[in-house]
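Enquirer: Quick one: the structure is below, questions incoming.
Nothing in this text is a laboratory measurement; each read-out follows from the coordinates by a stated rule. Bear in mind that the values here come from a model prediction, so they are computed numbers and not experimental data. Glycine also receives a Cβ, built like all others from the backbone with ideal geometry; neighbour counts cover every protein chain displayed.
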Amino acid sequence: MNKTKLALYLSFLFLFINLNSLLANDAVDKILFHELSWSEALEMAEQQDKLIFVDFYATWCGPCKWMANEVFTDYDVAEYFNENFINLSIDAEKEELELVESIMIDAYPTLIIFNAEGDIVRRNVGALASEDLLYFGESAIQLPDLASAYEEDPTDYSLVLSYLEQLIDTEPEKANEVAIMYLNSIEKSGLQSLDSWEIIKYVSDYSASIIDYVMENSEYYSVLDGFENFGMGLFSAMVYESVYKEDLILLNEAIDFEIEIRKISGTMSFEEDYYRLETEYLFYQLVGDIDKYIVLYDTFLRKYHWEEAEYLCSSAIQFIDDNYYEVTELDKMQMAMTWANRAVELESTNWYPHFTVAIIQYYDDEFDDAYKNASLSLELVEEPDYKDMVAELLAEIEMVRSDF
C-alpha cells in the first residue's frame with residue numbers, strides 16, 4: 001500500500017472512529033426518543049423485551065421544556081433509559097390522540113411507563129428531577145420481581161412496604177388489597193405501631209374493619225404523621241362514590257366522617273355547617289344538578305364569605321368558567337354578577353371586583369359595559385402582572401366590539 005492510499009485509509013478510519021464516538025456520546029448525553037407510532041413502539045418493546053417510557057408533553061408547557069433541557073440530558077438518566085426502555089416523546093395535543101384520550105392525559109408533563117401489552121406500569125404527573133426520574137424508571141423495572149417475591153412471602157414487612165410503594169400510583173385497588181391482607185395477618189396488638197401505620201396509610205377502602213379500628217383508637221393514631229391526610233383521602237373516596245351512586249346517605253356519612261377527622265386532628269376551622277354546605281354544593285355540582293348547586297353555593301357564600309371581596313370575585317370567575325354552558329342555558333349568569341357586585345360594594349377602589357364584573361359582562365355579550373369596567377379596572381390596578389392581564393381582557397373586548 002503506497003503512502004497516498006495509506007493516508008487516505010487512515011483518514012477514513014479516523015473519521016469512522018470519530019463519527020462513532022460522537023454518536024456514542026450523543027446516545028449517552030440525552031435520552032434518545034424513537035420516532036415510532038404507538039403500535040410500532042409496542043411491537044419493538046415485545047421484540048426487545050423492554051418497557052416503554054413515554055413523555056407526554058405540550059409545546060407551551062414550561063416544566064416539559066425544563067425536563068427536556070435539564071433532565072433528559074443528564075448522563076446517568078440518559079444511560080439508564082436508553083439501555084432499559086423504548087423511549088417515546090408524544091405531543092399530547094397533536095399526536096396519538098386516541099391513546100391520550102384512553103389514558104386520560106390532562107396535565108403536562110405526564111410520564112408513563114408501559115409494558116409491551118400497553119398496560120400502565122408506573123405513572124407520574126408533573127416534572128421530575130434527574131434522581132427522581134431514575135427512581136421512577138428503576139422502580140418500574142423492579143416491579144415484576146417485587147410482585148414475584150411478594151407472592152412467595154406476603155407477610156414480609158419490608159417486602160410488602162416496597163411493593164405498596166410501587167403499586168400505589170397505578171394500581172391503588174391492588175395496593176389496598178395487599179395492605180389489608182398484611183394487616184389481617186398480624187395480631188391486633190401489633191396494629192398500634194409505627195410499622196403498621198405505614199401499611200395502614202395504603203388502605204383506601206373506607207368500609208374496611210381496620211378503618212373502624214383506627215377511629216376507635218384515634219387517640220393513638222391522631223398524633224402520627226399523615227393522620228389527617230389519610231382521613232381526608234378516605235373522605236374524598238366516600239364523596240366521589242356517593243356522586244357515582246348519587247347516594248345522599250353515603251354523602252352524609254362522608255360529611256360526618258370529615259367532621260370527625262377534623263375534630264380529632266384539631267383542624268375544625270369553621271362550624272360543622274360550613275363543611276356540610278361545602279360538601280353538599282360540590283356533590284350537586286358533580287352530579288350535574290346545577291339548580292341545587294347554585295342555591296347551595298349562594299347560601300354558602302352569603303353565610304360565610306359575604307364580607308370577603310376577593311373570595312367573592314374568585315368564586316364568580318370560577319363559577320362562570322366551570323359552568324358557562326349550563327348557566328347561560330338556565331339564565332343563571334346573574335347569580336355570579338350578584339357576587340361580583342357585592343365585591344364592588346365592599347371594595348370599590350380595588351381593581352379586581354371591576355375586572356370580575358367585566359368578565360361576566362363579556363361572557364354575557366354586554367360588550368360596552370364590559371369595556372367600561374375593564375377600563376376602570378385598568379386605571380386602578382398597579383401590579384405589572386395584573387395590569388397585563390387586565391389590558392389583555394380590554395384588548396379582547398375592543399376587538400369583539402369592533403366586530404359588532
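Enquirer: If packing is taken as the average number of other Cβ atoms within 10 Å across a peptide's residues, how do 203-215, 44-56 rank, most packed first?
Expert: Answer by packing, highest mean first, reads 44-56, 203-215.
Enquirer: Could I ask something else about it? Please give the contour-minus-distance gain from V295 to Q142: 0.36 nm per residue of separation, less the Cα-Cα distance, rounded to one decimal in nm.
Expert: Using 0.36 nm per residue and subtracting the Cα-Cα distance, I get 49.9 nm.
Enquirer: Taking N as the number of residues in the chain, what is its alpha-carbon radius of gyration divided by 2.2 N^0.38 Å?
Expert: Values: Rg = 28.4 Å, N = 404, 2.2 N^0.38 = 21.5 Å.
Scaled against compact globular proteins, the figure is 1.32.
Enquirer: Which of E280, E117, E383 moves most in a GNM of the chain, Cα contacts under 10 Å?
Expert: Of E280, E117, E383, the most mobile in the Gaussian network model is E383.
Enquirer: What number comes out for the charge environment of I180, summing +1 per Lys or Arg and -1 per Asp or Glu over other residues with Cβ under 15 Å away?
Expert: Spelling it out: positives minus negatives among the neighbours equals -3.
Enquirer: Could you pull the Rg and Dmax for region 176-279, using just the Cα atoms, both in Å?
Expert: Calculated on Cα positions, Rg and Dmax stand at 14.1, 41 Å.
Enquirer: Follow-up. Report the net charge of residues surrounding M232, where surrounding means a beta-carbon distance below 10 angstrom and charges are Lys +1, Arg +1, Asp -1, Glu -1.
Expert: -1
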